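Okay, so here's the structure we're looking at.
Any read-out appearing in this document is the output of simple, stated calculations on the displayed coordinates, not a laboratory observation. None of the values given here were measured: they were computed from a predicted structure. Here the Cβ positions follow ideal geometry from the backbone for every residue, glycine too, while neighbour counts run over all protein chains shown.
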Amino acid sequence: MFNISIVSDKHIPFLVEAVQTYWPNVRIIPMKSDEIDTEAVRQADVLVVRTRTRINESLLAGSRVRLVCTATIGFDHIDTVYCEQNGIQWISCPGCNAQAVCDYIQEALEEYQLSNVQCPMSQMPTIGVVGVGHVGSLVAKMAEQKGYQVLLNDPPKKIGVSLDFIAKKCDIITFHVPLDETTYHLCNAAFLSKCKPNALIINAARGGVVDEQALLQSGHPFILDTWENEPSINPLVLQKAFRASMHIAGYSLEGKRNATQTCLQAIAQTFQLPSIPTISIPPSHGDTAPGWLERITEKLKKGDFEQLRKSYPLR
């Protein structure tokens, strides 16, 4: 009935089961991210990927792919110009895991407060939120509810104060911007030199937003979930981090369900397939007890980034 073939990253939860249940005549081929190559996608109509798969001419040339879905917020791994010039639709999933990332930032702040690392808590510190989209707006609201003084910076949205003002006034600065030519190394040596000496830097956006070498040299405490050159991260940066994780801030059952649902909706609309009902979320087996980020950090400093990321139990 539906002569459609989907090649998907095997680590996208709920996808295969939903397709097989609701679209039994649609062929779905789950693969490891490093197996999604030119030959694998040649006869595919749809690709459903994560950030590990580079979507560009070298992958798609000669294929029949009409739709690329990335089950992620970011889409800098997609050559959008090539896709648009060649009639290939693409979608990302903005906001799908916004609450999960906000929860991650909340845990990071709580652990930092409890540790009292270079941060006297006689009064609530000022936090700067750089990027006030889906995630940043939730982080700002959470921080206000916790009693932080909150400053916002988002020039494209014409929100808040200047980046220089954030640097000079904030005790904690957290980044929630997409990665593009305007945000690459947004947090660099010049920015860090304007910051308070012990200002905490948090990056749960994209790796290239923070210049890690400049961060190391600055001496600022930092918390990183996203890294330059993932999965081959700098071991010295890892060892110096107050808290560190393997790009899993948005890894929650709800966030993953939301992303998969968005991809399924796009496929249904593009190929005129029946809509798939909202996917039910099973009970979580992930670690959400207080101090879970500290435990992740300890594992990461002793283990393998990519393997830990793949085996991370969704919280």
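Below, the figures for the structure above:
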quantity	calculated
Chain lengthening between Tyr184 and Val161 when straightened (0.36 nm per residue, less Cα-Cα)	6.3 nm
Spatially proximal lysines relative to Lys194 (Cα-Cα < 23 Å; intrachain offsets below 8 disregarded)	Lys158, Lys168, Lys169, Lys240
Gyration tensor (Cα) of the range 77-234, equivalent ellipsoid semi-axes in angstrom	27, 18, 15
Helical mean residue ellipticity (222 nm; -39500 (n - 2.57) per DSSP H run of 4+; nearest 500) of the chain	-10000 deg cm²/dmol
Set of aspartates and glutamates with alpha-carbon distance to Lys302 below 17 Å, sequence-local pairs under 8 removed	Asp225, Glu230, Glu294
Centroid-to-centroid separation of the range 233-285 and the range 82-152 [C-alpha atoms, Å]	17 Å
Approximate spin-label separation Lys141-Glu57, in nm, with each point projected 7 Å along Cα-to-Cβ	4.4 nm
Stokes-Einstein D (µm²/s) once Rh is taken as the Kirkwood radius of the chain over alpha-carbon pairs, at 37 °C in 0.692 mPa s	160 µm²/s
Against the rule of thumb 2.2 N^0.38 Å, how large the Cα Rg of the range 266-315 comes out	1.78
Beta bridge orientation in the chain: antiparallel %, DSSP, nearest 5	5 percent
Loop-located chymotrypsin sites (Phe, Trp or Tyr not before Pro) in the range 1-85, at most 15 other Cβ atoms within 10 Å (DSSP)	Phe2
Charge dipole magnitude, Cβ of K and R +1, D and E -1 - the chain, Cα centre, debye nearest 20	360 debye
Stretch gain in nm, segment Arg27-Leu216, where the contour uses 0.36 nm per residue and the Cα spacing is subtracted	63.2 nm
Packing-based ranking, highest mean first, of 190-200, 164-174 given that Cβ atoms within 10 Å are counted	164-174, 190-200
